[in-house]
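No value in this document is a laboratory result; all are computed from the given coordinates. Nothing here was measured: the structure is a model prediction, and the numbers come from that model. Methodologically, a virtual Cβ is constructed for each residue, glycine included, from the backbone with ideal geometry; neighbour enumeration extends over all protein chains shown.
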């Protein structure tokens, strides 16, 4: 692992620790939370999720479901980093499966509680993450009766790199050929849609430049594939889901921020392609001074409050 990767991992880890300490410990007494539920015995050390729901909610006859995928540049992070956002989802009457997934060899040794070493191995290179999301969807299907889940209203969500994985998952459910290329099989359900927060989607370009030539972006991709030049990997061509979008994609909410320099132009690409295909897509863009990368996670800010209010209203309209 390169020095660049190590420094990047340290920065991400400190950021995750700060988010967890400052914004993820919100108080939603209505929400029940069960942590570290194994969603697949194939890899119980990695394939764990936190379940969050409001047991007193009468909003829906059955719980709509959100499968949430945390961010962290595909190389770092933990489901705890998305807890604040998931609490807000659950408080609105939705059942949340907030999942962990396998990532490449760990970039740094700090803050293990916010980035468990067990989630890291070079056995978990791309597209292992999608095998995890499909296993989590199968768990949702298999446990629908126990938790009173509405399998006609299952959504996938994610932030940053997790948004990319959510988009790939949504695409693979809608496009069986793409799923086969990734080595996954439909778990027996159809997604109602996706919620894509501040994501990367086209990993070929960053601000019009080749992403694999740009420091930081380059190291993330090198770690994803454990190759100095990830474009040489035969699976690299499937890392960008946009060419594999189909008209069968579900309702999709694309969230972006005007001052999010990390993902400049990425949400535009997704929105444009989905509209071209005739998919029901909604765009929410925050233009406030704190409309930075993953601004929706900063729960104490007006920008986050307004975004999550919009998300709740969109979900309410998207759920049958």
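A compact table of results
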{"quantity": "Separation in nanometres of the label points that stand 7 Å from Cα toward Cβ, at residue 237 and residue 180", "calculated": "1.5 nm"}
{"quantity": "Protection proxy ranking, peptides 292-302, 60-70, 32-42, average beta carbon neighbours within 10 Å, highest first", "calculated": "60-70, 292-302, 32-42"}
{"quantity": "Theoretical gain in end-to-end length, residue 59 to residue 35 [0.36 nm per residue, Cα-Cα removed]", "calculated": "6.2 nm"}
{"quantity": "Residue-averaged 222 nm ellipticity for the chain, from DSSP H runs of 4+ at -39500 (n - 2.57), nearest 500", "calculated": "-10500 deg cm²/dmol"}
{"quantity": "Share, in percent, of DSSP beta bridges within the chain that are antiparallel, nearest 5", "calculated": "30 percent"}
{"quantity": "Per principal axis, descending, Cα span of the chain in whole Å", "calculated": "52, 45, 42"}
{"quantity": "Cβ-Cβ FRET estimate between residue 143 and residue 213, R0 fixed at 45 Å, reported to 0.05", "calculated": "0.50"}
{"quantity": "Area projected by the alpha carbon convex hull of the range 175-293, averaged over all directions, nm²", "calculated": "8.1 nm²"}
{"quantity": "Approximate spin-label separation residue 248-residue 45, in nm, with each point projected 7 Å along Cα-to-Cβ", "calculated": "3.7 nm"}
{"quantity": "Residues 308, 269, 103, 224, sorted so that the one with the fewest Cβ neighbours within 10 Å comes first", "calculated": "269, 308, 224, 103"}
{"quantity": "Contour excess over end-to-end distance, with Cα ends at residue 226 and residue 205 and 0.36 nm allotted per residue", "calculated": "5.6 nm"}
